[in-house]
1. For region 53-62, does any single residue satisfy the condition of being buried (at least 23 other Cβ atoms within 10 Å of the Cβ) and either in contact with a helix residue (DSSP H, G or I) (Cβ under 8 Å, 6 or more places away or on another chain) or acidic (Asp, Glu) (or both)?
2. What are the residues in region 196-248 that are over 20 Å from Lys137 (Cα atoms), surrounded by fewer than 17 Cβ atoms within 10 Å (Cβ to Cβ) and among the aliphatic types (A, V, I, L, M), if any?
3. Does region 184-202 contain at least one residue that is in a loop (DSSP other than H, G, I, E, B), under 14 Å from Thr113 (Cβ atoms), touching a helix residue (DSSP H, G or I) at 6+ places or on another chain (Cβ under 6 Å) and not basic (Lys, Arg)?
4. Check off (1) assigned to a helix (DSSP H, G or I); (2) surrounded by fewer than 17 Cβ atoms within 10 Å (Cβ to Cβ) for Gly147 and give me the number that stays unchecked.
5. Please name all residue pairs, on different chains or six or more residues apart, with Cβ atoms under 6 Å, provided the first residue is in region 179-196 and is at pLDDT 75 or above and the second residue is surrounded by 18 or more Cβ atoms within 10 Å (Cβ to Cβ).
6. In region 48-78, how many residues are more than 29 Å from Arg154 (Cβ to Cβ) and charged (D, E, K, R)?
7. Which one is nearest to Arg57 (Cα to Cα), of the residues in region 68-99 that are small (Gly, Ala, Ser) and surrounded by 18 or more Cβ atoms within 10 Å (Cβ to Cβ)?
8. Look at region 12-26 and say how many of its residues are surrounded by 19 or more Cβ atoms within 10 Å (Cβ to Cβ) and either of a type outside the set (Gly, Ala, Ser) or within 15 Å of Ile211 (Cβ to Cβ) (or both).
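The values are calculated or read from the model by the stated rules, or taken from the named source; none is laboratory data. As the structure is a prediction and not an experimental result, all values here were calculated from the model. Ideal geometry is used to build each Cβ from the backbone, glycine not excepted, and the neighbour counts take in all protein chains shown.
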Amino acid sequence: MVVFITGASAGFGRAIAKRFAQDGHKIIALARRKERLESLQEEIQECFIIPCDVCDRKGLEHHLAFLPQDYQNIDVLVNNAGLALGLEGADKCDFADWVQMIEVNIKALTSVTHLVLPQMVERRSGHIVTLGSIAGKYPYPGGNVYGASKAFVRQFALNLRADLAGTCVRVTDIQPGLSSDSEFSLVRFKGDVQKVESLYKNSNALKPEDIAEAVYWVTTLPKHININTLELMPTSQSFAPLNVWRED
């Protein structure tokens with residue numbers, strides 16, 4: 001298979017690339033940081049890199065138009081690129097952070113999907129995987145636009161399923177819970193290592209390799225099986241009671 005992964009330079013994306021390459025699949029790895037992509041290329045075989053901002057639609061169109069012949073028929077698109085910024089309440093957030101999350105988590109994801117999907121429909125074969133989050137289903141303080149963006153991802157994936165009925169193209173939304181060993185929280189807390197360490201301390205959180213295994217599983221099942229959504233949490237994570245605010 002040819003597997004196209006966005007945000008492939010680190011974290012989930014890098015682990016997903018390595019998991020597919022382990023079984024001999026060809027990888028198209030997209031990310032902004034060329035040096036990180038080159039190091040990935042050194043680790044795995046048959047890896048074509050696209051050093052490009054996922055928000056740059058014209059750049060994406062150019063790179064996809066000039067893929068090598070044996071990488072042109074994309075079998076799996078993994079929409080992994082995404083980010084969270086801040087954990088402040090909605091009245092205290094930096095609006096620029098909201099805009100950036102919308103640009104990457106929603107606009108860029110739909111842009112890449114829109115570019116790749118027609119060839120899958122034409123071939124009557126392919127799989128779109130979106131990396132959502134439990135934040136798209138379970139609200140929490142400070143989740144505001146990040147959680148809303150992941151709710152969009154979840155519904156977008158389900159609506160793709162509705163649109164693609166009869167095309168043989170599969171769609172899955174992977175919804176991880178607490179996950180460590182990636183740059184996600186470091187980006188969210190804008191480099192505050194102490195906050196990151198405090199969040200994950202003794203949590204036995206999910207690892208990028210766990211997410212990679214989930215993505216690999218759903219995409220290598222027999223083609224008559226479609227996993228619509230796959231929600232996974234570490235065993236240590238569960239549900240909080242509903243918050244009730246009481247007047248003094």
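1. Kept after step one, since they are buried (at least 23 other Cβ atoms within 10 Å of the Cβ), are these residues of region 53-62: 54.
If we keep only those that are either in contact with a helix residue (DSSP H, G or I) (Cβ under 8 Å, 6 or more places away or on another chain) or acidic (Asp, Glu) (or both) as well, we get 54.
Yes, region 53-62 contains a residue that is buried (at least 23 other Cβ atoms within 10 Å of the Cβ) and either in contact with a helix residue (DSSP H, G or I) (Cβ under 8 Å, 6 or more places away or on another chain) or acidic (Asp, Glu) (or both).
2. Those that are over 20 Å from Lys137 (Cα atoms), surrounded by fewer than 17 Cβ atoms within 10 Å (Cβ to Cβ) and among the aliphatic types (A, V, I, L, M): Leu199, Leu221, Ile225.
3. Our first condition is that a residue be in a loop (DSSP other than H, G, I, E, B); within region 184-202, this holds for 189-192, 201-202.
Keeping just the survivors that are under 14 Å from Thr113 (Cβ atoms) gives none.
No, region 184-202 contains no residue that is in a loop (DSSP other than H, G, I, E, B), under 14 Å from Thr113 (Cβ atoms), touching a helix residue (DSSP H, G or I) at 6+ places or on another chain (Cβ under 6 Å) and not basic (Lys, Arg).
4. If we test Gly147 against (1) assigned to a helix (DSSP H, G or I); (2) surrounded by fewer than 17 Cβ atoms within 10 Å (Cβ to Cβ), just (2) comes out false.
5. Close Cβ pairs (under 6 Å, with a partner that is surrounded by 18 or more Cβ atoms within 10 Å (Cβ to Cβ)) amount to Ser179/Ala205; Ser179/Leu206; Ser180/Ala205; Asp181/Pro208.
6. Final tally of qualifying residues: 1.
7. So the first thing to find is which residues in region 68-99 are small (Gly, Ala, Ser), and the list is 81-82, 84, 86, 89-90, 96.
With the extra rule that they be surrounded by 18 or more Cβ atoms within 10 Å (Cβ to Cβ), the set shrinks to 81-82, 84, 86.
On the way: Ala81: 14, Gly82: 16, Ala84: 21, Gly86: 26 Å.
Taking the candidates together, the pick is Ala81.
8. First pass over region 12-26, keeping only residues surrounded by 19 or more Cβ atoms within 10 Å (Cβ to Cβ): 12-17, 19-21, 25-26.
In the following step, the residues that additionally are either of a type outside the set (Gly, Ala, Ser) or within 15 Å of Ile211 (Cβ to Cβ) (or both) were identified as 12-17, 19-20, 25-26.
Going through region 12-26 one residue at a time, the tally reaches 10.
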